[in-house]
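One structure is given below, encoded as structure tokens.
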Amino acid sequence: MKQNVARAVPLLALGLLLLSFPAQAHGLNAAWHALVSQNPEMKAAAMEQTPETELLSIFPVVDEPEAAPALPSPQELASVSAAGIPLFPVVEIADNPGDAGKAVLIRWMLFETSPVKLRGKESVPDTGTFNGWALTKGEDGYKAQREDRTQWSVKILRAQLGVDGLPGPFVEIEEVLVGGAVHKEEIRFNKDTKNVFWPDRNLRYNTPGERMARNRFWQEHVDADVGDGASYAYRLAVTDGERIAYCYRSMPIQTGLNRYEYKRSYKFGPASPAVNLIPADPSAMSDFKSRLMASFAPPTEITARDNPSDSGGAILIEWLPSADDLDVEIRSAEQKRTHPNPVTSYRIFRAETRNGSAGDYILIGSKSAGLDKNEREAQRFETIKKKNYIDDGAGRMRRDPETGEKYVPQYSYLVTASDGVLLSLGQPSTPAGARTQWFDFDKLYFFIVAFIISAAIIWFIQHIKAGKKLFIRKIAGLEAVDEAIGRATEMGRPILFIPGIMDMNDVQTVSAVIILGRIAKTIAEYDTKLMVPTSKSLVMTTGRETVKEAYLAAGRPDAYNDDIVTYLTDEQFGYVAGVNGIMVREKPATCLFLGAFFAESLILAETGNSIGAIQIAGTAMPSQLPFFIAACDYTLIGEELFAASAYLSNDPHQLGSLKGQDVGKLIAIIAILSGAVLATVAQLSSSVTMQKIFAFFENMFSAI
Amino acid sequence: MADTPETTKKTGWYQKVRDIDRRIIFLFIALAVIIPLLLQPSFPEFPAQLVKDTFAEMDKLPEGSKILMAFDYDPASEPELQPMATVWTRHAFENKLKIYIVALWPLGQNMAEDTLNELLKEYPDRKYGVDYVNLGFKSGGQGVINVILTDFAKMYPTDVYNKPLSQIPIMKDVKSIKDMDLIINISAGFPGLKEWVQFGADPAGVRIIGGSTAVQAPLLYPYIPNQLHGLLGGLKAAAEYEELADRKLCGMKCGQDAECIDSCIKEYAKRDKGKVRMGAQAIAHMVIMAFIIIGNITFFIDRRRERKG
Amino acid sequence: MSKQAKLIVFFVIVGILFAVLLVRASQNKMIKPWPTKTTVEYKQMETDEAGVVMSETIETKQVFSWKGFWTWFAAFLTLCIISFLYDDNPFYKFAEHLFVGVSAAYWMVMGFWTTLVPNLFGKLTPGLVAKTGLIEGLEGVPWTWHYIFPLLLGIVLLMRLSSKYGWVSRWSLAFIVGTTAGLNFVQYLVSDFMMQISQSLKPLIVTAANVDPIISTSPVICSLSNILLFLGVFCGLIYFFFSVEHKGFFGAASRVGIWILMVSFGASFGFTVMGRIALLVGRMEFLFADWLNIIVQ
Amino acid sequence: MLRRTLPLLITFAVGFVLVISKFIPKVETLGEDFSIYFDIIAVFAFILGGGNLVKIHGNKIYRRSEGWGYSLVCIIGFFATLTIGLFKFGNPLGWTGNVVAEGSAFKGIYDFIFKPLGATMFALLAFYVASASYRAFRAKNAEATVLLIAAFVILLGRTFIGKMVSFWVPIDQAGPDIPSFAEWIMNVPNLAGQRAIMIGIALGIVSTSLKLILGIERSYLGADTE
């Protein structure tokens, strides 16, 4: 019993080490560099930026596949080691590049636990065997060799994600044989440092419990048996037939549209670092940080918070750039001297944290060092200290499958500075969850302005309702309407009303219809013929309602029939052709063009002219106004058209709204005036404060 | 304002001129347009600053940049806008930009196809789905823009050939308008450039240039330069843009050789619809101005006579 | 000259011209009005197995092309419309009615294929639409339940056809007006009010450092322009004030305002003239190049 | 209630929700869906419009009233286009092809009937512009004169003529010539005018929308009683 415990202890320790071990990042990078250093093609590819890919946890756990990803307990670790599978795959999953979707690329590289533990005072014996490895001392260092006759194979399991974003049961889709019959493995240590410098000195094997690549190449499997657009989670398992060790499940991967740029060199492209930065406990964290050999400073003060004023699903991560950030403004001359190769990019890792414990840290994105365009823009007034990254992949409110209680997933973030090869880690952020805001504060000033104007309009309407007097100036065009109707009656010729050619989703048309209602009433009283050809069926529908009501109100329901308001065609010039025809044949005495007009305005007005009709026009289409002004007797310019609907509307209280609009104009005038003054001062006196004030003022109106 | 037949009494030559039959004016205009068309005189073009800016906006894009081209016009305004569409598409093909075509006008889709068919003759190696894609027309005006501002696939499940977007290589790394490097809109009214500026480029923070009919142009100046980064207003601007484009191409072809450039530009000028049409345009302008002058002369004489008694 | 005589003369002239054109056509000097045997190309977009490259396979067929005939027909219609310039006449009426009919149907068809199918059926019964092959990639897509509403509102709108329940259609009307009001309220306030204000915040005195090249390179002119711009907007807005009598200062300001407005109208007019002429040119090009083939392109 | 109050409630609810949705990220996508809704409803409205068209001209034909022959043309054109379009006759890509695909009968209608008619109608404008500018654009008063001058400068400046006649600037150099003056007019006074109009219009639309949403303006809904 005692002995068992004694035996368990180192294994347990080993497990913990594996667990808390950070430098797998280097491990894999290095492993990959190992490849590159031998393969020029890859070397070239290595120069290109690493495509971001989702990573499986590389830590093997023995449990049934469906278990949700959580940190293995020490007991589990023990059992793992007991399971004694020395292999673990480092896997990356990506949409199979350059295809039409419907395929997922799964790549893994097998690693195994190191033969040597240089923990504490422990050292490698000069010769003999060690953990089943035959050690020999060479002139250039130690050699470790061993043979492995086991038939290792990797199982690939897949589960489709339900709508709730949680995976269904994992099913095995492929088993790949990986371990050859006899497998020779050879590593070398440096005499003095006991560091491994072969297969690759990039491997900074100067920390204990190291792992290195078993068969140093990527094995691939393309899973072409997936539906387009559907999301899947994968997990791999290593087995020798009897024992099996599972990895955690991958992040969901969706086929189809690639999420990152497709590089031709992808297949040979560099693997992103196999990152499994699981700080089981803070102490372990500081522990492995201290062991980091990256030659540059890490980012600091990493904070994560909900991205403000959005509809959820996004978290804002901020951090102070590494002191070795390539940006000259951040990097001091001293640092330039000490650290010649600067930090070129930051990689952002995310771990979902459930009840306190963080899951796997998974690479979700990267941000290039230095200041980007926006940051430079923002530096006009203040020097940017923090860099930020918005993770819009954060989960929204979801339901726990077991307990059924709702929760917003919390994430803890870790930002690492990278020079392209190595990572140096910052402290992970405190967990944050993405929430949906109830108010968008970017639009605050807009909201205020909108509120003031609306309030003014309503208030003045009430003001008039309360029987108070308001001066509202006359609008010539409107005075003329009744006269025009009268003229038509005298001449015994019809009246033509054109509500423009836009649909009911244009306010001009709506006010035109409103005006039509009022005019129709007068016309019904005069008992004159009214013609309203429309270009949109909805306008026809509405027009009929309105005119019918007007005739009822005028006590002439008998005079109304549906042929007053007719539909010609949606096509602009088909409509014009039709109206032209009506004009020349029916020879209306009065033409009213009120609403949204385009090119047809001139044709209509001209034809109206040629038949000598009185014409009153009104539109908010500035490009058409000159022609109406030229060819019509009266023209309502822009806002006057909307004013008209108030003037003519059935309840006079609406005149109050005009006063409300004037308040709006007043706001505009004041704003423009003060803005102009501010701008002038800011420009003449090149004081930053003034510029800040002006920028703020400008922002009030432009940040919408 | 407008004097109608009833209100005018016929005495004296100037009144005859004043009340001249519209058809005679029509005849003059017809001739002013037809004759230059037949003789095809070529007039010089002097690109305005705004056109130069527009050209630069497009020309500075690196190879492989994504541009969204919105064809929001129909045959009715084809004469004015087609030259822009053509010269822009050519410019894009020339600079190896990726073109994404949408249309808010039903017929815009056809205009786009016509344009492409024409230019694929010049650039036969451009592949559909790789160098350009035609998403076609969707009704809904700014509604469409609102939607594709966040997600193309939501509004455009497929392209015009009913291919799901996910199967089109060029769409692979494109989700919404925000992924574009430049928006080009060629519009003849509503929905058009104004809507693209308000609901597309502004919220998406993408630079936008546009071509509009001369009629629309004045309405769009208020958006320059903060919201709208380039504008071709009418045929004139199109012709000037053609001039710039030709100069660039010829520059690359001939280097410094002056008369080579001249001949080259003359060569290209033949295919430039805009330049050809500007000839007739200029003459017609003069005729119209002449009419305005005559009209006012008669008007003043008339008024003096009336004052006398 | 009597009306009949005029008509006779007219038709004789037209006949002669027509004959001349036919002769030209028969001499291959212009496009032929009768069908001709030609090879047409059918373009088909395809993808290979990987679906990476979309290749165009072009199959050619020998068919009788009616293009000539239709081109002549188009030319005829063009002339019909132009004839309205002289006076209203049967030809114009023919073209007009044809246009009205065709375009009304055109929009219905477009609305059906480009809105109803993808945005209504595609949302409500994706499976079905996928089966018909109209839109690929909808297999297994769940239906969007809330698109039931537009369907209902649409049907409700059709109730208008019934005289008894016509009033029900007001519901969809109300919905539309509500949508219009809601969307326009914000959008116009944003882009035409706020944005225009923020764009008007220009310094009244421009230093040489920040001149706007589009206006001028001289700071003096820029300053004057900005001042004029400010005054222009100011007076223009004053003109639109409804609750103030246009007397005294306001009278003067609004008078300046209307002038400024007139300048912009003049500008619009100038541009419009350009545009219209261009369109005429386009039409004439069709007649003289595509049809009569007099201009070499 | 159902006839009058419910519609007002709908308008209010929809309008209000759309307005505040601009400030509430939670529901910001509402606008999109609602605009799609509008399009769908508008398509249904087409059926009404088409029906109305058929009804009117059908009556004319039925009654043999004056000019019924034209109505016949209209009806034939309507139904021909409708059937060809809905059934995608002669579409090279078949049933699933794009409705306006090259070579389809519908594209034919577009090319040889729709396009010439539309474009020519538009071209008529050139003539009308001419006659309008002759008869209407006269220096009746200060305003009209201002308008005239502006128009004149633009007309000159927007063709090479402007450059030609501005003799005080060498032809091949930039300078204070008429084209640049025209540009200036576009950029300064025109801009000012347009801004004033735009701001005014925006306010007009805002207040109208507000009145519609709050049900202050309700005449578009038609009669209270049926």
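The values are calculated or read from the model by the stated rules, or taken from the named source; none is laboratory data. Just so you know, these numbers come straight off a predicted model, no measurement behind them. Here the Cβ is made from the backbone with ideal geometry for all residues, glycine too, and neighbour counts use every protein chain on show.
In the range B:106-125, the condition of being more than 13 Å from chain D (Cβ to nearest Cβ), surrounded by fewer than 22 Cβ atoms within 10 Å (Cβ to Cβ), among the hydroxyl-bearing types (Ser, Thr, Tyr) and part of a loop (DSSP other than H, G, I, E, B) is met by at least one residue.
What is the number of the single condition among (1) touching a Pro at 6+ places or on another chain (Cβ under 9 Å); (2) surrounded by fewer than 24 Cβ atoms within 10 Å (Cβ to Cβ); (3) within 19 Å of A:ALA512 (Cα to Cα) that A:GLY612 does not meet? Status for A:GLY612: all satisfied but (3). Assessment of the range B:277-285 against the conditions (within 13 Å of chain D (Cβ to nearest Cβ), surrounded by 13 or more Cβ atoms within 10 Å (Cβ to Cβ), of a type in the set (Val, Ile, Thr) and in a helix (DSSP H, G or I)) yields at least one matching residue. Being under 26 Å from the mean Cα position of the chain (by Cα), of a type in the set (A, V, I, L, M, F, W, C) and either more than 30 Å from B:GLU78 (Cα to Cα) or within 7 Å of chain D (Cβ to nearest Cβ) (or both) holds for only one residue in C:VAL244, C:VAL190, and it is C:VAL190.
If you filter the range C:273-297 down to residues that are aromatic (Phe, Trp, Tyr) and in contact with a Ser or Thr (Cβ under 8 Å, 6 or more places away or on another chain), you find that the one that is nearest to the other protein chains (Cβ to nearest Cβ) is C:PHE286. Among the residues of the range C:248-272, those that are in contact (Cβ under 8 Å) with a residue 12 or more places away in the chain, facing chain D (nearest Cβ under 7 Å) and β-branched (Val, Ile, Thr) comprise C:ILE258, C:ILE260. Considering D:PHE34, D:PHE114, D:PHE23, the condition of being out of contact with any strand residue (DSSP E or B) (no Cβ under 8 Å at 6 or more places or on another chain), more than 30 Å from B:ASN162 (Cβ to Cβ) and surrounded by 19 or more Cβ atoms within 10 Å (Cβ to Cβ) is satisfied by D:PHE23 alone. Does A:ALA480 count as at pLDDT 90 or above and either more than 12 Å from every other protein chain (Cβ to nearest Cβ) or not in a strand (DSSP E or B) (or both)? Spelling it out, it is not the case that A:ALA480 is at pLDDT 90 or above and either more than 12 Å from every other protein chain (Cβ to nearest Cβ) or not in a strand (DSSP E or B) (or both).
Scanning the range D:133-167 for residues that are small (Gly, Ala, Ser), more than 9 Å from chain C (Cβ to nearest Cβ) and part of a helix (DSSP H, G or I) yields one hit, D:GLY162.
Filtered by the rule that a residue be in contact with a Leu (Cβ under 8 Å, 6 or more places away or on another chain) and more than 24 Å from B:ILE35 (Cβ to Cβ), the range B:233-285 gives B:GLY233, B:ALA237, B:TYR241, B:CYS264, B:TYR268. When the test is whether a residue is among the small types (Gly, Ala, Ser), over 30 Å from D:ILE24 (Cα atoms) and at pLDDT below 70, A:ALA294 passes it.
Considering (1) facing another protein chain (nearest Cβ under 7 Å); (2) surrounded by fewer than 22 Cβ atoms within 10 Å (Cβ to Cβ); (3) more than 26 Å from B:THR54 (Cβ to Cβ), the lone condition that C:VAL220 does not fulfil carries the number (1).
Just one of the listed residues (D:VAL146, D:VAL129, D:VAL165) is without any contact (Cβ under 8 Å) to a residue 40 or more places away in the chain and farther than 24 Å from A:SER601 by Cα, namely D:VAL165. Taking helices (runs of 4 or more DSSP H) as the structural unit, those lying wholly within the range A:563-658 and holding at least 1 residues that are within 24 Å of A:THR489 (Cα to Cα) and of a type in the set (Ser, Thr, Tyr) correspond to A:600-610, A:639-648. Across the range B:300-308, a minimum of one residue is classified as within 13 Å of another protein chain (Cβ to nearest Cβ), in a helix (DSSP H, G or I), buried (at least 16 other Cβ atoms within 10 Å of the Cβ) and touching a residue at least 40 places away in the same chain (Cβ under 8 Å). Quick one: B:ALA30 ticks every box in (1) over 22 Å from D:VAL100 (Cβ atoms); (2) in contact with a helix residue (DSSP H, G or I) (Cβ under 7 Å, 6 or more places away or on another chain); (3) not acidic (Asp, Glu) bar one, so which box is it? Condition not satisfied by B:ALA30: (2).
Confirm whether B:ALA70 is within 19 Å of B:GLY230 (Cβ to Cβ), at pLDDT 90 or above and under 17 Å from the mean Cα position of the chain (by Cα). It is true that B:ALA70 is within 19 Å of B:GLY230 (Cβ to Cβ), at pLDDT 90 or above and under 17 Å from the mean Cα position of the chain (by Cα). For the range B:33-58, filtering for residues that are within 23 Å of C:SER83 (Cβ to Cβ) and within 9 Å of chain D (Cβ to nearest Cβ) leaves 1.
Output the residues belonging to the range A:665-682 that are under 27 Å from D:LYS211 (Cβ atoms) and either free of Cβ contacts under 8 Å to residues at least 60 places away in the same chain or at the interface with chain C (Cβ under 7 Å from one of its Cβ atoms) (or both). Correct list: A:LYS665, A:LEU666, A:ALA668, A:ILE669, A:ILE670, A:ALA671, A:ILE672.
Answer yes if at least one residue in the range D:179-193 is touching a Phe, Trp or Tyr at 6+ places or on another chain (Cβ under 8 Å), more than 9 Å from chain C (Cβ to nearest Cβ) and either part of a helix (DSSP H, G or I) or over 22 Å from B:PRO41 (Cα atoms) (or both), and no otherwise. Scanning the range D:179-193, I find at least one residue that is touching a Phe, Trp or Tyr at 6+ places or on another chain (Cβ under 8 Å), more than 9 Å from chain C (Cβ to nearest Cβ) and either part of a helix (DSSP H, G or I) or over 22 Å from B:PRO41 (Cα atoms) (or both), so the answer is yes. Among the helices (runs of 4 or more DSSP H) confined to the range C:92-204, the ones with at least 2 residues that are of a type outside the set (Val, Ile, Thr) and crowded, with 21+ Cβ neighbours inside 10 Å are located at C:148-158, C:170-188, C:195-200.
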